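**Q** Right, I'll just put the structure down here and ask away after.
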Amino acid sequence: MWPVNKLEGIMNRQELIQSLINNWHGDIVPRTKFYEFSGGAFKPGTMANRDCRKMGPKGRMMLGKSIYYPKAEAAVWVADQLRPLESAEAALG
């Protein structure tokens, strides 16, 4: 995954978004390729489930039977899913 740690300043949210945008070759991200786009964090089935619950990236589109996401919206969505490890540990108690 990406080195994201706000305390140490390794990569902030905006840098992560920009990195995702810069490293993807097209303007849209096929759901079938979201695993590659997200650095292996989200599989296509996970994205389908998130979309069904209206929790996926904004602006999804359909072409034929395939789903696509605007690259910028997908990058923002991935960044929004991340939270500092300290928060996750605190939530687990």
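The values are calculated or read from the model by the stated rules, or taken from the named source; none is laboratory data. Values in this document were obtained by computation on a predicted structure and should not be read as measured data. Neighbour counts run over all protein chains shown; Cβ positions are idealised from the backbone, glycine included. Side chains are part of the model used for accessible areas, which takes the heavy atoms of the whole protein and leaves out ligands, DNA and RNA. Shrake-Rupley method; radii C 1.70, N 1.55, O 1.52, S 1.80 Å.
Residue-wise test of (1) exposed (fewer than 15 other Cβ atoms within 10 Å of the Cβ); (2) outside any loop (DSSP other than H, G, I, E, B).
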| site | (1), (2) |
| --- | --- |
| Met11 | no, no |
| Leu16 | no, yes |
| Leu20 | no, yes |
| His25 | yes, no |
| Thr32 | yes, yes |
| Glu36 | yes, yes |
| Gly40 | yes, no |
| Met47 | no, yes |
| Arg50 | no, yes |
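**Q** Any residue in the stretch 16-39 that's closer than 18 Å to Asp80 by Cβ and of a type in the set (Gly, Ala, Ser): show its pairings with residues that are open to solvent by 80 Å² or more (accessible area, probe 1.4 Å) and not in a helix (DSSP H, G or I) at Cβ separation under 7 Å, as long as the two are six or more apart or on different chains.
**A** Gly39/Met1
**Q** Hey, among Gly64, Gly59, which residue is at pLDDT 95 or above, at positive phi and touching a helix residue (DSSP H, G or I) at 6+ places or on another chain (Cβ under 6 Å)? Reasoning before the result, please.
**A** Working: Gly64 fails: touching a helix residue (DSSP H, G or I) at 6+ places or on another chain (Cβ under 6 Å).
That would be Gly59, the only listed residue that is at pLDDT 95 or above, at positive phi and touching a helix residue (DSSP H, G or I) at 6+ places or on another chain (Cβ under 6 Å).
**Q** Right, Ala72: assigned to a helix (DSSP H, G or I) and at pLDDT below 95 or not?
**A** Details: assigned to a helix (DSSP H, G or I): yes; at pLDDT below 95: no.
Criteria not met by Ala72.
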